[in-house]
């Protein structure tokens, strides 16, 4: 069933990426599915590789905005319902400490990291929408265009290439992450929500 669906999405080309990345970012768990589909589309149709990446970025940004706006509407009450567990409280605390960095890192990382709760935090704590979109879009552009390039150039050997060159790839990603984190921290100082600016450390939830 899943294999058939994957083949259908490949046949759709870039619109398939728009659909799947939207579902993935709106909260439907599809671990690694967008990355795999983007590489597959770039392999099968190299001329559509970067268009597929663009569609993947658009779908991801729209899906993330939906979660953000739901959380912004629901406010602290909705956020509390998603951060009542020990893990949820930790993620919220990290967001209050590091701001949009906690959104950027899972958005760019090919390793699955929790992103839903940081997105909810951004909405409920009223981080500026423009700053939020910039963080998500920047991360997804780097990630998806890199995958499109690899899929276009190496095709079915993409995974083998990554396995043999994972060290330099990791170094490049780390450098980009450091630069992005510095920029986001600067933005956060200017745009962090009033509740975070005035909150006392003793008010933060602890395990």
Residue separation between residue 164 and residue 80 times 0.36 nm, minus their alpha-carbon distance, gives in nm 25.9 nm
For the stretch 12-193 the mean separation of alpha carbon contacts under 8 Å (6+ apart) over residue count, i.e. relative contact order in percent, is 29
One finds the C-alpha centres of the stretch 42-68 and the stretch 114-164 to be spaced, in Å, by 10
Taking a label point 7 Å from the Cα of residue 154 along Cα-to-Cβ, the residues of the stretch 25-50 whose backbone nitrogen sits under 20 Å from it are 32-50
Rounded to the nearest 10 degrees, the helix 14-26 long axis (Cα) sits at an angle to the longest Cα principal axis of the chain of 30
Given 157-169, 114-126, the highest-first ranking by average Cβ count within 10 Å works out to 114-126, 157-169
Relative to the chain, whose Cα atoms define the longest principal axis, helix 2-12 and its Cα axis are tilted in degrees, nearest 10, by 80
Labelled set (1) 17.7; (2) 20.1; (3) 17.1; Kirkwood radius over Cα pairs in Å computed from this model equals the value at (1)
To the nearest 10 degrees, the tilt of helix 86-98 (Cα long axis) against the first principal axis of the alpha carbons of the chain is 90
For the pair residue 30 and residue 186, the simple spin-label estimate (label points 7 Å beyond Cα toward Cβ) gives in nm 3.5
Computed, not fitted: 222 nm per-residue ellipticity of the chain from DSSP H runs ≥ 4 (each -39500 (n - 2.57)), nearest 500, equal to -26000 deg cm²/dmol
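Read the figures in this text as sums done on the coordinates, not as results from a lab. Every value quoted in this text rests on a predicted model; they were computed, and no experiment measured them. Here the Cβ is made from the backbone with ideal geometry for all residues, glycine too, and neighbour counts use every protein chain on show.
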